[in-house]
Amino acid sequence: MDRIFSGIQPSGSLHIGNYFGAIKQWIKLQEKYQCIYGIVDYHAMTVVYDQKELPDRVMDAAIAYLSAGVDPEKSALMVQSQVPEHTELTWILNTVTPLGWCERVPTFKDKVRQNRDNVNLGLLDYPVLMTADIIIYKSVAVPVGQDQLPHLELTREIVRKFNSTFGDTFPEPKPIISEGALIIGLDGKQKMSKSLDNCIYLSDSPEKIKKKLSTAVTDTRRQRKTDPGVPQECNIYSLHKLLSTPQQQQYCHQGCTQASMGCFECKKILAENLINELAPLQEKQQFWLSHQDQVREILHQGGMAARAIAQQTIQEVREKVGLWK
Ligand code: TYM
């Protein structure tokens, strides 16, 4: 079976952007691929973080994966730092990656802007570590949201450079992008993101979801109910496309363009559907919260299975690049 890898940083609670952009498709892909899903804690260290909280964040992420349907019988669920071959491969890849390739990655420039007091080398090396995460398992594909495409482009370039220097070793991994590839935040402007206060979290209660949606920005040209709106330009409508039935979508589309329905009603339908979508996940979250020893064991087993593959790859790489035996 072909292999795939994907991961999420444990840098805050997971939100519906992570869910629709990544995790939801991970679940389906378990049937078709050998999947390794990681909690990438080394990546989370590139910004200021609380070292006392990091283990809890890893646990939260593991619980979110399991609750969303990652099945440890089918997939390896692992913590990046439990497989140190990721960082060993990163060092080797650093030596074939021109500095300019990392400097031009858009997320590096954004992070420099956001972390003026902490522009560490890890921020620059971030996509090389991400490359190592993926190719240490010889993954053929990577299910991610749209924001990760520049990173994957760099991964493919590094793979080409490595293969042409040391001989064919790694497949060029392809992105797998879902329908919810880019979820915009409640501000209606920027990508939903843990670092911005614009998220609906997977653990938000029904009341919180209703409250957050009620103040979410819609089509800004629609000041009053009697102003016709443009659903294609409304963040709420884009969520309807992921969550509502075709009939509901048509009803909201018509109501908006013909100014016969207000944003309030449209949001109410969406809130119901989102609450229903998250209900089974939240129920499972409660279960895993009270079975954390079992979660630890799943991570341990997943880490060992992943490490066995990573060790084989690093052995081959060490030989190819001429390291001492
Ligand atoms: P991270 O932790 O920022 O996000 C995890 C996954 O969620 C997706 N995502 C979104 N999708 C749609 N709309 C949004 N608003 C949204 N926000 C987040 C991301 O695209 C991602 O798929 N660099 C990665 C972590 C990583 C990784 C890897 C991913 C490290 N190594 C190897 C894949 C393979 C990141 O920061 O994701």
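The values are calculated or read from the model by the stated rules, or taken from the named source; none is laboratory data. What you are looking at is a predicted structure, and each value in this text was computed from that prediction instead of being measured. Every residue, glycine as well, gets a Cβ built from its backbone with ideal geometry; the counts of neighbours run over all protein chains shown. Quick note on the areas: whole protein, heavy atoms, side chains included, nothing else; ligands and nucleic acids left out. Shrake-Rupley method; radii C 1.70, N 1.55, O 1.52, S 1.80 Å.
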Seminar exercise, completed: For residue 99, the lone unmet condition from (1) under 18 Å from residue 38 (Cα atoms); (2) open to solvent by 50 Å² or more (accessible area, probe 1.4 Å) is (1)
Exercise. Going by the conditions given, is residue 182 open to solvent by 50 Å² or more (accessible area, probe 1.4 Å) and either in a loop (DSSP other than H, G, I, E, B) or on the phi < 0 side of the Ramachandran plot (or both)?
Worked result: yes
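Here's the yes/no breakdown for (1) part of a helix (DSSP H, G or I); (2) within 16 Å of the ligand (Cβ to nearest atom):
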| residue | (1), (2) |
| --- | --- |
| 89 | yes, yes |
| 92 | yes, no |
| 96 | no, no |
| 109 | yes, yes |
| 112 | yes, yes |
| 118 | no, no |
| 123 | yes, yes |
| 126 | yes, yes |
| 130 | yes, yes |
Problem set entry | Selection count, the range 110-147, where residues are over 23 Å from residue 310 (Cα atoms) and in contact with a helix residue (DSSP H, G or I) (Cβ under 8 Å, 6 or more places away or on another chain) | 9
For this session: Return a yes/no flag: does the range 157-178 have any residue that is within 30 Å of residue 254 (Cβ to Cβ) and in contact (Cβ under 8 Å) with a residue 12 or more places away in the chain.
Result: yes
Seminar exercise, completed: Residue hits (the range 301-317; in contact (Cβ under 8 Å) with a residue 24 or more places away in the chain and either of a type outside the set (A, V, I, L, M, F, W, C) or surrounded by fewer than 13 Cβ atoms within 10 Å (Cβ to Cβ) (or both)) are 301, 302, 303, 307, 311, 313, 316
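One line per residue, one yes/no per condition, for (1) β-branched (Val, Ile, Thr); (2) at pLDDT 95 or above:
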{"site": "78", "(1), (2)": "no, yes"}
{"site": "88", "(1), (2)": "no, yes"}
{"site": "91", "(1), (2)": "no, yes"}
{"site": "96", "(1), (2)": "yes, yes"}
{"site": "101", "(1), (2)": "no, yes"}
{"site": "106", "(1), (2)": "no, no"}
{"site": "112", "(1), (2)": "yes, no"}
{"site": "116", "(1), (2)": "no, no"}
{"site": "125", "(1), (2)": "no, yes"}
For this session: Kindly provide the set of residues from the range 25-52 that are more than 10 Å from the ligand (Cβ to nearest atom) and open to solvent by 50 Å² or more (accessible area, probe 1.4 Å), ordered by number.
Result: 28, 31, 32, 34, 45, 48, 49, 50, 51, 52
Exercise. Among the numbered criteria (1) outside any loop (DSSP other than H, G, I, E, B); (2) open to solvent by 80 Å² or more (accessible area, probe 1.4 Å), which single criterion is violated by residue 237?
Worked result: (2)
For this session: Hey, can you tell me all the residues within the range 205-223 that are of a type in the set (A, V, I, L, M) and crowded, with 20+ Cβ neighbours inside 10 Å?
Result: 213, 216
For this session: Would you check if residue 190 is in contact (Cβ under 8 Å) with a residue 40 or more places away in the chain, open to solvent by 60 Å² or more (accessible area, probe 1.4 Å) and either within 13 Å of the ligand (Cβ to nearest atom) or in the same structural domain as residue 96 (by TED's automatic domain parsing) (or both)?
Result: no
Seminar exercise, completed: Per the filter on the range 132-146, residues in contact with a Lys or Arg (Cβ under 7 Å, 6 or more places away or on another chain) and either without any contact (Cβ under 8 Å) to a residue 60 or more places away in the chain or part of a strand (DSSP E or B) (or both) are 141
Exercise. Just one of the numbered conditions (1) part of a helix (DSSP H, G or I); (2) open to solvent by 70 Å² or more (accessible area, probe 1.4 Å) is not true of residue 226; which one?
Worked result: (1)
Problem set entry | Residue list for the range 1-54, restricted to those being within 13 Å of the chain's Cα centre (by Cα), under 16 Å from residue 142 (Cβ atoms) and among the polar types (S, T, N, Q) | 6, 9, 18, 25
For this session: Just give me the residues in the range 155-179 being assigned to a helix (DSSP H, G or I) and either within 14 Å of the ligand (Cβ to nearest atom) or within 17 Å of residue 36 (Cα to Cα) (or both), in sequence order.
Result: 155, 156, 158, 159
